[in-house]
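The next block holds one structure in the form of structure tokens; read it before the comments.
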4 protein chains.
Amino acid sequence: MLVVMKHGASASQIEEVVATIKEMGYGARPIPGEQRTAVGLIGNDGAVDSGRLLGLDGVLEVIPVTHPYKQVSREWREADTVVTLANGTRIGGSEIVVMAGPCAVEGEAQILDIAHRLRAMGATVLRGGAFKPRTSPYAFQGLGRAGLEQLAKAREETGLAIVTEALDPEGADLVAEYADIIQIGARNMQNYPLLRRAGKTGKPVLLKRGLAATIDELLLAAEYILAEGNDHVILCERGIRSFDTHTRNLLDLTAIPVVKALSHLPIIADPSHGTGLRAKVIPMGRAAVAAGADGLIVEVHQNPPKAMSDGAQSLLPDQFAELMTQITVIARAIGRGVTPSLVRGRTG
Amino acid sequence: MLVVMKHGASASQIEEVVATIKEMGYGARPIPGEQRTAVGLIGNDGAVDSGRLLGLDGVLEVIPVTHPYKQVSREWREADTVVTLANGTRIGGSEIVVMAGPCAVEGEAQILDIAHRLRAMGATVLRGGAFKPRTSPYAFQGLGRAGLEQLAKAREETGLAIVTEALDPEGADLVAEYADIIQIGARNMQNYPLLRRAGKTGKPVLLKRGLAATIDELLLAAEYILAEGNDHVILCERGIRSFDTHTRNLLDLTAIPVVKALSHLPIIADPSHGTGLRAKVIPMGRAAVAAGADGLIVEVHQNPPKAMSDGAQSLLPDQFAELMTQITVIARAIGRGVTPSLVRGRTG
Amino acid sequence: MLVVMKHGASASQIEEVVATIKEMGYGARPIPGEQRTAVGLIGNDGAVDSGRLLGLDGVLEVIPVTHPYKQVSREWREADTVVTLANGTRIGGSEIVVMAGPCAVEGEAQILDIAHRLRAMGATVLRGGAFKPRTSPYAFQGLGRAGLEQLAKAREETGLAIVTEALDPEGADLVAEYADIIQIGARNMQNYPLLRRAGKTGKPVLLKRGLAATIDELLLAAEYILAEGNDHVILCERGIRSFDTHTRNLLDLTAIPVVKALSHLPIIADPSHGTGLRAKVIPMGRAAVAAGADGLIVEVHQNPPKAMSDGAQSLLPDQFAELMTQITVIARAIGRGVTPSLVRGRTG
Amino acid sequence: MLVVMKHGASASQIEEVVATIKEMGYGARPIPGEQRTAVGLIGNDGAVDSGRLLGLDGVLEVIPVTHPYKQVSREWREADTVVTLANGTRIGGSEIVVMAGPCAVEGEAQILDIAHRLRAMGATVLRGGAFKPRTSPYAFQGLGRAGLEQLAKAREETGLAIVTEALDPEGADLVAEYADIIQIGARNMQNYPLLRRAGKTGKPVLLKRGLAATIDELLLAAEYILAEGNDHVILCERGIRSFDTHTRNLLDLTAIPVVKALSHLPIIADPSHGTGLRAKVIPMGRAAVAAGADGLIVEVHQNPPKAMSDGAQSLLPDQFAELMTQITVIARAIGRGVTPSLVRGRTG
């Protein structure tokens, strides 16, 4: 961390900065320059609160030099983390993993039907919300525990792993009983009690980037999970807020290579929420794989116009098949593959 | 809601839209135009999920005409809501209310000292975090229940009302035992289980706008609280995310007159988080009052360079006194006043 | 265009809206609803100024239904526009076109050397700035006319077409004398005198999206060129402004399929400016092709650390060769190709 | 400027950075740290291109320490710049200056009528566009030179100074013949040939912040004008692009105290374009003055529903009078005044 003094800062102001840094428990090294002096803060682990320094007289700026996260960083662990699920699917390795399913679990028949179809087309993880965070309190909020049971039944029949969202700390425990991956949604990316509890379950966690979250904030949110001793974390780019109204969100695919350079954690993309428009899901799913994503999570529904939520962005099963075909070729073009279909379900 | 068909949409595509609207339980009225046909959706209460319609063949766009919130809107209740606290402070009336205090409760001596000073300078509500949502898991996370007890003691001694943040549903119950106002922070604006639980306590709730939240989303988050039968909600503009790095956030003061036109709920501003810089708190606090805010929430610390969090944006007590003087004149200029200092504390 | 009245708008307010619409020369059709009345504006060509209506008493909102652009739209022309250059390169057809070169022309030896290398690796258009728009008035501003002459010499030797930027109307005439494509940079996307003059030259124009431009504004800027009778327009997504500081801009690849649906014009991507980081250019170049871009424009420099501008985002020649190899496979995966290398230069 | 090396950067990589800095003509000072080494760049005047350094092996980040602008900075000139107009109005002194008028000059009768009314209500500068930059090529583009002549006539009759926009370099010369202040609009903030030409005229220039311009970019654009020897520059905050659709732009009032700290130039606010909504102009005009703006520029029209552009954001004359009354009280509250009405027009 570098404390830049104003042009003309007095010697006593510089001394006050040095003293404050020492009081905070770090070393201080003044660096005189032609226009102004800077003071380096030495010995920090990345979590220094710059506030105390920024408010001192004569201070122009405080510039962080080290990143504030630790266990999620490439410097902490050089090799890629690979998250392995109960059904053998490996996320973060050389193969692209595809998670697919409806926005919400709407009933047993629906989820079983789509699960069988998706497995046949090459998905290895089934998505579907049992607890839905909805912008309006009057919108459909999910089937709750019944939805979790239906997902578990779909897993039993197809061998697909299950990813589903938890909305609060108790929900994380409940979801952990049923699911292979606990999803933390974009709205909850900085819901720290939820992150901690999900971390404590020891289960893989899919952490979606918040709509206004910087990449550093996404990594710091993941750090909350790792700080609980759980490094089975999969990051997910799902679109950020921007000013154009043609799409629901702005899918920031550059975040993928940026995260891969900063962190050892796998990162996937959600082109369904990332665009909000069915017709854009296939091109952006392709683009995400081309950009280096470790997987995709995609909404697919048997009959999107009758979906209870997010119908406009759900692919039809035939479109999903087309997406699988195209990303398989693209994955090969960049030296990767797509996870082969599960050989057999558990009941197979 | 208006479903706009593509130029050249077929009659059967239009019929499909009409049929889908009817199946959703609403009325449908086709409106032929010169370039294209639109279909009006009639009889909705504002909470229609446009997804099913947006995905139909021949549909170009779905345009919401009514707003999706209900109880928070001016159309639901014409008159301003005034939230009255136990110490008699009224928020949303003709007088500006000032909430002030340190970012975090750091100990009994600290909070009692600042509370007495603030009361003497005209604050009527004391702020201070006992549970702190911190971007890094390694930063100071607050004193917890001990902090709540210290706040309660400060209330007892000074008569100031207490506002402090809850981070999860159980926390909301705990905070409700001690505080006069439960604060929901920006990161939790769409933490629906927390919103619901805070609503159920029946206590006044201070709801801060999320960093990427539209004004409609802020109002819908408030709707979650009102839907629990609790209309003691105070909204708070505290800065949104933007691209300039000179300030921590971008304080969107225009949101104040926009919210006042759409909703009957009171709205205050937080120039401390809204700018992140001590030197900008006074001008932006003044500007918020001039823009029509019903109050301010401001960080003040006896010794900002030693604050355990957010020191850089905390005012010194003398600066707070200057702010109070200036906003008193500005409030008068627009026909309002500033809540008079409490005549005496409970122990007085 | 739909004028939505407030709940409780009076009959005379509705009549005033109808009268104003008629005075503006359009038809008006009131549409009574359960909550409120709307008035449809009929017979417009997309360029109605909503201001007059938005300011009338009783008006809640004015919602545009038709888009404000005309000649650039798919409804105006169904088939893809293909822009053909003098050297036979076709932009907007089934093949991906790659434009490459240094940020700025730095001298004859430099530009000739890189042009020969790029042609050998498969580029068909040479980029290089002779007039550079620089954020600081003290930065290198380009070689001017000498740079144009050096570009022309490179074309003569290699057969590559030339694209270079014009900064003002006279500059457009000058650039048109030398270049095959006149580039309008992001900062000038709404420089209307420049757009008009570039349109009048009849030359192909490469129009880059502004940092804060919506997709509709990009299309309207193109409309200025088409309105001069010049439909040889190539759009370019080059990153928009956002809040994350890891990349220089945020490359909005979803804009590519969005533009392809709205307009018949070709659109390419600039992953160099779009990311600002050399290491991200290859993954994002691949992603752009996967998303459906008609081409790429990429900065390549013999010795990026010595480049006079934008060195940090310039590829090395070897990296460019790698990019060409990878996008060739990806193009094939989605049924497209990459423009084959020019069979021979003019001097061949 | 500080070049931060990666953890584990080799000695030869550090030497390469040092050598490159020296080759660029600056001094280099390595600063070893516990986690990584940084290299300080010394002796720069603020305009260093970081690109060459950012692309070197082993470099993690390049952090600018000094700002890239020079003559516009407070460090260059400590005292506030006051721009004095021909009619004696001083901008940047202790008094708030109000510029007002229609969006566009629509004819002699209109502009003379409104000019007389505005002068009577306390405006000292008349605004009105003769050349209008319109998003659509089919919208009204202004009266051109005839509009300038009508503005000049209004000045002659009322003594008001004139501010009007120039769109291109020749336009700047033409506007300079007629107007007291040449306005550079938001779309042209980085139109460098226009900035230079406006600078060369020696006339006062009103420079509006671009929709996606950082505060540093605004100051650098102003630097282009000062670099021509013209320091009569007035900056203007007029709203930036953001994601909420309730307002046309997001008025960033915090930019005002930020600019006042960084630069000696005066800054005013445009609450008309900044909000796009008539009902928000008065509260935000008040807020701008409370935040420390040196003036306002406001759209006022005799009959906004019949305005040829921007009717929705134009105040009625009575509303303008109310605004003047309110800001006069607020100016006094912060120790300033509002420029007194001109004692007499030139023809008086």
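Each value in this text was obtained by applying a stated rule to the coordinates, not by laboratory testing. Quick caveat, the model's predicted, so the values are computed rather than measured. Here the Cβ is made from the backbone with ideal geometry for all residues, glycine too, and neighbour counts use every protein chain on show.
Kindly put D:275, C:201 in sequence by how many other C-beta atoms sit within 10 Å of each C-beta, fewest to most. If you can, show how the numbers build up before the last one.
Details: D:275 26, C:201 20.
So the residues, fewest neighbours to most, are C:201, D:275.
Restricting the count to DSSP beta bridges whose residues both fall in chain D, what percent are antiparallel, rounded to a multiple of 5? Antiparallel: roughly 40 percent of the beta bridges in chain D.
Within the straight-line cut-off of under 12 Å between alpha carbons, the aspartates and glutamates reachable from residue A:153 are A:108, A:113, sequence neighbours fewer than 8 places apart in one chain being disregarded.
A crude spin-label estimate for the pair residue A:22 and residue B:29, with each label 7 Å from Cα along the Cβ direction, gives 7.8 nm.
So which of C:132/D:203; D:280/D:306; A:203/B:70 end up more than 31 Å apart, counting from Cα to Cα?
Values: C:132/D:203 26 Å; D:280/D:306 20 Å; A:203/B:70 39 Å.
Exceeds cut-off: A:203/B:70.
With each label point set 7 Å from Cα along the Cα-Cβ vector, what nm distance links residue C:10 and residue A:325? Distance between the two pseudo-spin positions: 6.4 nm. Between identical copies, the spacing of residue C:25 label points, each set 7 Å from Cα toward the C-beta atom, reads 4.7, 5.6, 7.3 nm from nearest to farthest. Near residue B:40, the amide H atoms lying under 5 Å from its own belong to B:3, B:29, B:31; only residues 5 or more places off or on other chains count, and H is placed 1.01 Å from N. Taking the Cα centre of the stretch B:143-198 as the origin and placing charges on Cβ (Lys, Arg +1; Asp, Glu -1), which of B:183, B:151, B:162 is farthest toward the positive end of the dipole? Positive-most Cα among the choices belongs to B:183.
Per-residue ellipticity at 222 nm, computed for chain B from helices alone with -39500 (n - 2.57) per DSSP H run of at least four residues, works out to -10500 deg cm²/dmol. For residue C:332, the label point sits 7 Å beyond Cα toward Cβ; its separations from the matching points on the remaining copies run 0.9, 8.1, 8.1 nm, from shortest to longest.
Under the rule that an exposed site lies in a DSSP loop and has at most 13 other Cβ atoms within 10 Å, name the longest stretch of chain C with no GluC sites (Glu not before Pro) of that kind, not counting the sites themselves. Can you show the working numbers first?
Working: sites that count: C:34, C:78.
The segment C:79-348 is the longest one with no such site.
Against chain C, whose longest principal axis comes from its Cα atoms, helix C:317-333 is set at around 50 degrees.
Karplus-based coupling profile of the stretch A:246-260, in residue order and whole Hz: 5, 10, 5, 9, 10, 6, 9, 5, 4, 4, 5, x, 5, 4, 4, with θ = phi - 60° in 6.51 cos²θ - 1.76 cosθ + 1.60 and x standing for Gly or Pro.
Give the relative contact order (percent, whole number) for the stretch C:83-338; include only Cα pairs under 8 Å separated by 6+ residues. That works out to 19 percent. Mean partner shielding of peptide D:276-289, defined as the number of other chain Cβ atoms within 10 Å of each residue Cβ, is 6.
The angle between the Cα long axis of helix B:278-291 and the main principal axis of chain B comes to about 60°, on a 0 to 90 degree scale.
With +1 on the Cβ of every Lys and Arg and -1 on the Cβ of every Asp and Glu, and nothing else charged, how large is the dipole of the stretch D:83-338 about its Cα centre, in debye rounded to the nearest 20? It would help to have the intermediate numbers written out before the result.
On the way: 26 positive and 27 negative charges, 76 e Å.
It works out to roughly 360 debye.
Seen against the Cα atoms of chain B and their longest principal axis, helix B:145-158 is set at about 70 degrees.
Which whole-number percent gives the relative contact order of the stretch C:2-63, counting Cα pairs below 8 Å spaced six or more residues apart?
Working: 98 pairs, mean separation 30.0, N = 62.
Contact order relative to length: 48 percent.
Under the definition of partner shielding as Cβ atoms of other protein chains within 10 Å of a residue Cβ, what is the mean value for peptide A:191-201? Before the final figure, lay out the partial values.
Details: counts 9, 11, 10, 6, 1, 2, 1, 0, 1, 0, 0.
Per-residue shielding by partner chains comes out at 4.
The shape of the stretch C:64-209 comes out oblate: with a ≥ b ≥ c from the C-alpha gyration tensor, a/c is at least 1.5 while a/b does not beat b/c.
Averaged over the residues of B:251-263, the number of partner chain Cβ atoms lying within 10 Å of the residue Cβ comes to 6.
Summarising the amide proton neighbourhood of residue D:59: residues at separation of 5 or more, or on other chains, whose placed amide H is nearer than 5 Å comprise D:6.
In the neighborhood of residue A:172, defined by Cβ-to-Cβ distances under 13 Å, what is the net charge if each Lys or Arg adds +1 and each Asp or Glu adds -1? Let's see the in-between values first.
On the way: positive: A:196, A:197, A:200, A:203; negative: A:165, A:168, A:170, A:173, A:177, A:228, B:168.
Net charge around residue A:172: -3.
Here the convex hull built on the C-alpha positions of the stretch C:215-337 has a volume of 122 cubic angstrom per residue.
Proximity of backbone amide H atoms, modeled 1.01 Å from N, is registered between residue B:206 and B:182, B:183, B:184, B:234 at under 5 Å, excluding neighbours fewer than 5 places apart on the same chain.
Using the Cα centre of the protein assembly as shown as the reference point, and only Cβ charges (+1 on K/R, -1 on D/E), how large is the resulting charge dipole? Debye, rounded to the nearest 20.
Values: 144 positive and 152 negative charges, 1 e Å.
That gives the protein assembly as shown a dipole magnitude of about 0 debye.
Excluding residue D:9 itself, what net charge comes from residues whose Cβ is under 13 Å from its Cβ, given Lys and Arg +1 and Asp and Glu -1?
Working: positive: D:6, D:36; negative: A:75, D:15, D:16, D:57, D:61.
Computed value for this residue: -3.
When each of A:42, B:225 is scored by the number of other beta-carbon atoms lying within 10 Å, the sequence from fewest to most is A:42, B:225.
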